[in-house]
Structure formats: C-alpha cells, structure tokens
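Participant: Right, I'll just put the structure down here and ask away after.
The values are calculated or read from the model by the stated rules, or taken from the named source; none is laboratory data. Keep in mind the model is a prediction, meaning the values are calculated, not measured. With ideal geometry, Cβ positions are generated from the backbone for all residues, glycine too; neighbour counts draw on all protein chains shown. For accessibility, only protein heavy atoms count, side chains too; no ligands or nucleic acids. Shrake-Rupley method; radii C 1.70, N 1.55, O 1.52, S 1.80 Å.
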Amino acid sequence: MSRRLYEEIEYNNFEKFYNDVLVSDAINLDDYIFRGVSDYEYKLIPRILREEEIEKINILSDYRQSDDSIFAKFVRELDIVKKFYDYANFQGLVVPEVQDFIHLEENRTYFLVKELREWIPGRYYEVFAIAQHYGIPTRLLDWTFDIKIAILFCINGVLRKIDKNKIIPDGKFALWMLNYKIMSMLKSNIDRFLKIIVPKYYWNDNIRMQKGVFTLEKINLSSKDYRDKERVYCLEDKIKSCNITSDLIRNPLLYKFVFDNSCIKKAYRIIKRLGCNFSQILPGTHNIARCIELESKLKEEKEYYYIL
C-alpha cells in the first residue's frame, strides 16, 4: 500500500488542527470533499449496507423476502426510493422527473432492476440523492464540499449524546477528507468503481445550504452473479488495498482526522467565527428552535446572563 493513499491523524487540540489544516497551505482543501461523523469508529459504508439498517429496510420495503442476494437488495432499495418519490410527488414537492417511476406499474420493480446494466443507473442519481438526504437508506454516501459543515455534523452528532447536565460524553469523533480531483486523474481501479455525484442544488435548499455531494460505488450488473450474497467492504479498506505509485499523489487520497469529544466547544467557536453555524446544516424556520438548543449546550456557565 502506498503510504500516500491513506493517513489517519489524531488531534487533542482543535486549534492545532485549525492551524495545520485550515490555515496552512500544506493541504489544498479545494481538492477534497469532507464527511464528519460523531463516532471515529464509524466506517465509510452506505446505510443500505449496514447491519443495523436491515430491520428498517424490511419495514420500508414491500419486498421482505428472506432472499439476501445482491439482486434482492437492489430491488428493495429501488422499491423504497420509488415510495419516497411517490409521496413527495403526491404532496406537490419538487422532485426530479424519473420516467421509469412515472410509468412503473405496481410490483414491476423486480423486472425493472433485472433490465438494468449498472447500479445505480445515472438517470436515478438526482432522486436517489434527495431521498438519501432525507433519511432513505441508499448506496450513496453523504459528503460536503465545505470542511466547516462537515465539522458541524460532527459537533451535532456529539451534542445528541449530551445529557441534561451538559456533560460531554467520553469518546472521539472523526473528519474524513477524500481527494476527489486527483482520483479522476489516476485512471486506477479507484476511479472505475467510485463515482462522485454532485446533485443539482436548485432541486433542494437543504442540499444547497449543506453543499452536499455523494459518493457511489458503482456496480456493473453484467459482471456479477446476483444469486450470491454481497461482501461488504468499507471504502477506506478498498482505498488502502490499492497499489498506486503515481507522482500525482502528493498528499493522501483519503485522510481521517480523529478528535477527542472535549474539542467540540473549541471547534464550534472557531468555525462560527468563520461564518458557519448550525443554520447551515439545519436550515428553515422549523429548525430554529433546534439551532438555539444546540448553541445553548455549547455555552460555558460564565456566558449566561442572570437577572436577579
């Protein structure tokens, strides 16, 4: 494995990370997309492939058969996204037009998947991206073009674990960085299996505010036996296993920065000064109360004003 493909770095001081990465020119952040997770052990695996999501998937899909083949998983995934599309459309919400969905008769999902040559086909990208953004499990993995927004997602996840006494739980969070620009220039097996999907932002204000982007591990349906069970690999392991010695790689293709949970208050202060706050990841009037609540959890006792 080339040491330049993957690197994991741990910080106990967020200010040092800020100076090393956000201020320094050592890494060209314009080349990277970012993903923030509240648990550093959380791997780069799409929700549709996670063991803890199986029960939910079986509830959401009408295809609850015990068949665990790869093909059956595709059918369930398309069935769930089609339901999302129908509900959104019936409510008059703006969703991308998908001809397959408009003319898809009930119970024809199985035969539609059987006719496809790749998963997920390009004509489904937009609607899958919106469905994924709103909680539907798919093969897409959420990222953002803005490192500050990725850090906000880390902070938001850790804050969900804080109890009523505002005690920050022990643990670590992580920030992933993937060099999507250099990836397309390598002409390697990474570029062949990994697709970067940038949704049209005019479809959805939330995705636009969050500067959302997605990765998809492409599958050629003509090259696999879909009676077999799928072997799930996390993206980081696939990248680690690649053997690339290109001179183009000056920094790792994939970074993982790990922080102690005690860093979240300092992290929020810094990115807030940079003009980014919870309204970026929780836009809209219906989320204002939640934004205020999150801010209050990060305040020190001395910041409160008491009327005596």
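Participant: Within segment 238-261, identify whether any single residue is touching a Phe, Trp or Tyr at 6+ places or on another chain (Cβ under 7 Å), of a type in the set (A, V, I, L, M, F, W, C), in a helix (DSSP H, G or I) and modelled with pLDDT of 90 or more, and answer yes or no.
Facilitator: No: zero hits.
Participant: So, one more: Can you report the number of residues in segment 19-38 which are touching a residue at least 40 places away in the same chain (Cβ under 8 Å) and open to solvent by less than 60 Å² (accessible area, probe 1.4 Å)?
Facilitator: Going through segment 19-38 one residue at a time, the tally reaches 12.
Participant: Right, another one. Filter segment 17-40 down to the residues that are out of contact with any strand residue (DSSP E or B) (no Cβ under 9 Å at 6 or more places or on another chain) and acidic (Asp, Glu) and list them by number.
Facilitator: Passing the criteria: Asp25, Asp30.
Participant: Give Asp228, Asp191 a once-over and let me know the one that is open to solvent by 10 Å² or more (accessible area, probe 1.4 Å), out of contact with any strand residue (DSSP E or B) (no Cβ under 8 Å at 6 or more places or on another chain) and at pLDDT below 85. Give the derivation first.
Facilitator: Details: Asp228 fails: out of contact with any strand residue (DSSP E or B) (no Cβ under 8 Å at 6 or more places or on another chain).
Result: Asp191 is the single residue among Asp228, Asp191 that is open to solvent by 10 Å² or more (accessible area, probe 1.4 Å), out of contact with any strand residue (DSSP E or B) (no Cβ under 8 Å at 6 or more places or on another chain) and at pLDDT below 85.
Participant: Which members of segment 74-123 meet the condition of being of a type in the set (Lys, Arg) and within 23 Å of Gly135 (Cβ to Cβ)?
Facilitator: Once the filter is applied, which keeps residues that are of a type in the set (Lys, Arg) and within 23 Å of Gly135 (Cβ to Cβ), segment 74-123 yields Arg76, Lys82, Lys83, Arg123.
Participant: Please tell me if Asp142 is among the charged types (D, E, K, R) and closer than 18 Å to Ile45 by Cβ.
Facilitator: When the stated conditions are applied, Asp142 passes them.
Participant: Going through segment 39-53 one residue at a time, which ones are assigned to a helix (DSSP H, G or I) and surrounded by 15 or more Cβ atoms within 10 Å (Cβ to Cβ)?
Facilitator: Scanning segment 39-53 gives Arg47, Ile48, Leu49, Glu53.
Participant: With respect to Ile27, determine if the residue is in a loop (DSSP other than H, G, I, E, B), under 18 Å from Ile120 (Cα atoms) and modelled with pLDDT of 90 or more.
Facilitator: Taking the combined requirement at face value, the residue does not satisfy it.
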